[in-house]
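One structure is given below, encoded as structure tokens.
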Amino acid sequence: MRARAERATIPAVPARRHSPAALLALPLLLFLLAPVAVLVVPNLGAALAALAGDAELRDALGRTALAACLAAGLAAVLGTPLAWLLARRPFPGRALVEAALDLPLVLPHPVAGLALLLVLGRQSPVGGALLELGLRIVGSLAGTTAAMLFVSAPLFVSAARASFAAVSEAHELVAGTLGAGPWRRFWRVSLPLASRGLLAGAVVAWARAISEFGAVVVVAYHPRVASTLAYERFTGYGLREALPVAAALALVALVPLVALRALRVAR
């Protein structure tokens with residue numbers, strides 16, 4: 001009875017058609033959506049026609065998707081243990097590791113490409129050793145993948161870390177009382193419970209990878225991917241020739257992101 005009386009004294013909040021927060025958020029939302037809409041909507045037909053009749057564009061998009069899949073896969077394989085450590089274990093130098101993960105997100109992308117060139121180029125110890133083994137990084141699909149991995153891996157690690165942090169350690173402790181060792185607890189408990197967040201992080205990393213240009217153009221201008229093809233057609237033939245390529249690339253990037261958001265809403 002007392003709880004009912006207390007609830008009865010709480011004044012009802014009047015419904016508002018337009019909250020101040022929504023009105024303040026609208027300009028930024030329009031600023032973000034308008035360029036994409038102006039790019040994709042008027043050029044949708046041209047993009048679809050180019051996909052049907054432009055073999056060079058199809059090859060570039062296929063190469064882009066392949067390199068992005070390789071980059072996202074490597075980010076998931078190599079980044080998942082690191083994300084778990086950051087979410088679960090304090091260790092010396094943790095702040096330095098976190099700063100290193102943030103650095104690719106704030107570096108100008110051509111600068112990131114130059115940094116990769118110093119590490120993976122033919123004149124570098126690593127690049128020279130790989131070249132002797134028959135693996136050429138600069139000017140190859142491997143170089144494109146490396147550039148995409150550099151800019152997209154931090155996004156995966158950030159999402160994966162948040163997913164592991166959201167998993168209650170009580171589940172791992174219960175598994176430990178049943179005799180499961182650390183490795184088995186990770187594979188049988190932590191990883192499955194965080195799997196949706198890991199998948200979301202991989203999708204975001206993939207979408208980020210296919211959109212990369214600055215680092216890719218420094219490390220591997222050839223073979224061309226979609227972003228370098230759009231740039232080449234813009235500089236060589238003008239805006240009109242570049243728009244179908246740019247619209248097609250935007251569509252490829254948008255589809256997985258929209259699907260991911262739809263799955264989140266459907267849960």
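The values are calculated or read from the model by the stated rules, or taken from the named source; none is laboratory data. Predicted model only: the values in this text are computed from it and were never measured. Every residue, glycine as well, gets a Cβ built from its backbone with ideal geometry; the counts of neighbours run over all protein chains shown.
Just one of the listed residues (Pro90, Pro104) is in a helix (DSSP H, G or I) and not hydrophobic (A, V, I, L, M, F, W, C), namely Pro104. Filtering Leu155, Leu131, Leu96 for residues that are touching a residue at least 40 places away in the same chain (Cβ under 8 Å) and either more than 24 Å from Tyr221 (Cβ to Cβ) or in a helix (DSSP H, G or I) (or both) leaves a single hit, Leu155. Scanning segment 195-210 for residues that are buried (at least 19 other Cβ atoms within 10 Å of the Cβ) and either farther than 10 Å from Ala159 by Cβ or of a type in the set (S, T, N, Q) (or both) gives Trp206, Ala207, Arg208, Ala209, Ile210.
Considering the conditions (1) within 16 Å of Asp59 (Cα to Cα); (2) without any contact (Cβ under 8 Å) to a residue 60 or more places away in the chain, Val252 is excluded by exactly one of them, (2). Taking the numbered list (1) touching a residue at least 40 places away in the same chain (Cβ under 8 Å); (2) of a type outside the set (Gly, Ala, Ser); (3) within 20 Å of Ala67 (Cβ to Cβ) in turn, Asp102 passes all entries but (3). Leu149 falls short of the stated requirement of being more than 25 Å from Ala202 (Cα to Cα), in a helix (DSSP H, G or I) and either under 18 Å from the mean Cα position of the chain (by Cα) or at pLDDT below 95 (or both).
When Leu116, Leu82, Leu78 are checked against the criterion of being over 19 Å from Gly201 (Cβ atoms) and either among the basic types (Lys, Arg) or part of a helix (DSSP H, G or I) (or both), Leu116 stands alone in meeting it. When Ala200 is tested against the conditions (1) in a helix (DSSP H, G or I); (2) in contact (Cβ under 8 Å) with a residue 40 or more places away in the chain; (3) of a type outside the set (Phe, Trp, Tyr); (4) under 30 Å from Gly127 (Cα atoms), the lone failure is (4). Criterion applied to Ala71, Ala60, Ala50 was being within 21 Å of Ala153 (Cα to Cα), assigned to a helix (DSSP H, G or I) and not acidic (Asp, Glu), and the one residue passing it is Ala71.
Looking at Ala15, Ala55, Ala83, Ala25 in this structure, which one is within 30 Å of Val189 (Cβ to Cβ) and either hydrophobic (A, V, I, L, M, F, W, C) or at pLDDT below 90 (or both)?
Details: Ala15 fails: within 30 Å of Val189 (Cβ to Cβ); Ala55 fails: within 30 Å of Val189 (Cβ to Cβ); Ala25 fails: within 30 Å of Val189 (Cβ to Cβ).
When all the criteria are applied, what remains is Ala83.
Going by the conditions given, is Val225 within 25 Å of Thr80 (Cβ to Cβ) and at pLDDT 85 or above? No. There is no residue in segment 153-163 that is surrounded by 12 or more Cβ atoms within 10 Å (Cβ to Cβ) and either over 16 Å from the mean Cα position of the chain (by Cα) or within 25 Å of Asp59 (Cβ to Cβ) (or both). Val258 falls short on exactly one of the conditions (1) more than 14 Å from the chain's Cα centre (by Cα); (2) surrounded by fewer than 19 Cβ atoms within 10 Å (Cβ to Cβ); (3) free of Cβ contacts under 8 Å to residues at least 40 places away in the same chain, and that condition is (1).
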